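One structure is given here, and the rest of the page talks about it.
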Amino acid sequence: MDASEVFRVLEKSRDAMVQTLTDLCRIPAIGPTAGGEGEAEKAKRIEALLEGLGLKVERLDAPDDRAPSGKRPNLVARIGKGPKRLWLLTHMDVVPPGDRAAWRCDPFDPKVFDGRLYGRGVEDNGQALVATLGAVKAVLEVAGTPARPVGLCFVSDEETGSEKGVRHLIGKGLFAKGDLLLAPDRGSSDGTEIEVAEKNLLWFRVAVHGKQGHGSRPEVAVNAARAGAYLVTLIDATLHKRFRATDPKFRPPGSTFEPTKRDANVPNVNTIPSEDAFCFDCRVLPTVKNKEVLEEVGSALRGTEERFGVRCELQVLQDESSPPTPEGAPIVGELQRALAAARGLKGRVVGIGGGTVAAHLRKAGFPTAVWETIDQTGHAADENIRIENLVGDAKVYAALMLGTR
């Protein structure tokens, strides 16, 4: 069918979609790992919105004793029957707001400034979540039903590993071979980038053990802080020197190795610490195996032990890799056609260093595309979206549902 009437309905729905996004982002759906209570309240609100559209909602909740309800919600709504279902997967959880003083508004009371909506979760992943709802509403209103089977997933736990979210759904056998999967959770400002590959994810923690002592008696202590400082810089320099390969498809083009979290040690200045611990966040090109990176890290640990007389422990926190989605996969072509029809854009494939639910889906054998139009403000203070993107992206999702050519 001609999608122009659906697009007109979406233009008229602009204010309503902004209000829906504002209401949802007033619910701080922070996961237990980050100190929150989870996504239960937001899931209730989304479930009510889906039922208001006349859709039946399936609950595929994952058990989690850390949440007050004892479970993490995952919502599924299906429209139509048949093979090759188009799935749109968004996540309900958000990260903590950080320094609230750095925000121009209360992060959990979103406000509009100069055509942008500010608030925690408006971009990651609220814009896509509400745009998919808006697209379904417009298609149902104008066409009565999509031109193909459609499935909507609203998952938990994306920000902390997806064990209670999309990985749980994969284990339940929700997706079928031949389905078209889109995870709108990363994009570019101009809306042309279609993500088809992600770098390997490797997080590790190193603990350096020495011997505590008085600051005036270093000869009877083994200073873990000094050995740790040396080891951080050694690992950093070694990995960047060893793994120099680049791939222009990715942003940035090379592997990245970033020292991040550092644990507190002694509370006072005049005590030599017996322990120093730090973490690295590594995003590694798929041509490099995470095992190779860990071998280099292990060598650095052994050398530091010999040099400083300390004991070093390596703990792998995350070790994930996934195959790329083929550039000729059906979902990529469908998305490129929808972009052209709805926005007059020419989509191009890219790879990224960040992680999305697509990695888990690809690893399970489901080619998945990642796309939306954002300025990548997620996780930062003053996270925000351009309101025009909320409507523009909804048009693309609607075009996908209608099979627009």
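None of the figures in this text is laboratory data; all of them are computed from the coordinates on show. Since this is a predicted model, take the numbers as computed values, not measurements. So basically every Cβ, Gly included, is an ideal-geometry build from the backbone, and we count neighbours across all protein chains shown.
Here's the picture: a label point sits 7 Å out from the Cα of Glu305 along the beta-carbon direction, and within the range 190-223 the residues with their amide nitrogen under 13 Å of it are 207-210.
The length gained by stretching the chain between Asp109 and Asp236 to full extension, at 0.36 nm per residue less their Cα-Cα distance, is 41.7 nm.
Which whole-angstrom value gives the distance between the alpha carbon centres of the range 337-405 and the range 1-59? What the calculation gives is 17 Å, centre to centre.
Residues in the range 334-340 carry Karplus couplings, in order, of 4, 5, 4, 5, 5, 4, 5 Hz; the curve used is 6.51 cos²θ - 1.76 cosθ + 1.60 with θ = phi - 60°, and Gly or Pro positions show x.
Once you order the gyration tensor axes a ≥ b ≥ c over the Cα atoms, which shape class does the range 200-320 get: rounded for a/c under 1.5, otherwise prolate or oblate by comparing a/b with b/c?
prolate
What you get for the chain, charging only the Cβ of Lys and Arg (+1) and of Asp and Glu (-1), is a dipole of about 860 debye around the Cα centre. Restricting the range 171-261 to trypsin sites (Lys or Arg not before Pro) that sit in a DSSP loop and have at most 14 other Cβ atoms within 10 Å of their own Cβ leaves Lys172, Lys177, Arg244. Rounded to whole numbers, the Karplus 3J(HN,Hα) couplings from phi for the range 96-102 are x, x, x, 6, 5, 5, 7 Hz, using 6.51 cos²θ - 1.76 cosθ + 1.60 with θ = phi - 60°, and x at Gly and Pro.
Using a ≥ b ≥ c from the Cα gyration tensor of the range 38-154 (square roots of the eigenvalues), is it rounded, prolate or oblate, where a/c under 1.5 gives rounded and otherwise the larger of a/b and b/c decides, a/b for prolate?
Oblate.
Calculate for the chain the 222 nm mean residue ellipticity that helices alone would give, adding -39,500 (n - 2.57) per DSSP H run of length 4 or more and normalising by residue count, nearest 500 deg cm²/dmol. List each step's numbers first, then the result.
Working: 10 runs with 131 residues, N = 405.
Computed ellipticity for the chain at 222 nm equals -10500 deg cm²/dmol.
Each residue of the range 22-30 was assigned a 3J(HN,Hα) from its phi angle through the Karplus curve 6.51 cos²θ - 1.76 cosθ + 1.60 (θ = phi - 60°); the sequence is 4, 4, 5, 7, 6, 9, x, 7, 8 Hz, with glycine and proline shown as x.
Label zone (Ala147, point 7 Å along Cα-to-C-beta; backbone nitrogen cut-off 15 Å) within the range 1-15: 1-7.
Bridging of Lys261 to aspartates and glutamates at a Cα separation below 13 Å is possible for Asp276, Asp281, once same-chain residues fewer than 8 apart are set aside.
Judged by the mean number of other Cβ atoms found within 10 Å, the most tightly packed of the peptides 213-223, 346-356 leads the ranking 346-356, 213-223.
Distance between the pseudo-spin-label points of Leu314 and Arg205 (7 Å out from Cα toward the beta carbon): 1.7 nm. Site pair Asp15 and Ala101 shows an inter-label distance of 3.8 nm when each label is modelled 7 Å from Cα along Cα→Cβ. Modelled label positions at Arg251 and Arg348, each set 7 Å beyond Cα in the direction of Cβ, lie 1.1 nm from each other.
Checked against a 19 Å cut-off, the cross-linked pairs Lys44/Lys81; Lys12/Lys84; Lys177/Lys289; Lys289/Lys363; Lys211/Lys291 give Cα-Cα distances beyond that limit for Lys44/Lys81; Lys12/Lys84; Lys177/Lys289; Lys211/Lys291. Partner aspartates and glutamates whose Cα lies under 12 Å from the Cα of Lys172, excluding those fewer than 8 positions away in the same chain, are identified as Asp61. Here's how it looks for Ser188: its modeled amide H is under 5 Å from those of Glu193, Glu372, Ile374, which are all 5 or more places away or on a different chain. One decimal place: the segment Ala34-Glu295 gains 90.9 nm when fully extended, by the rule 0.36 nm per residue minus the C-alpha distance.
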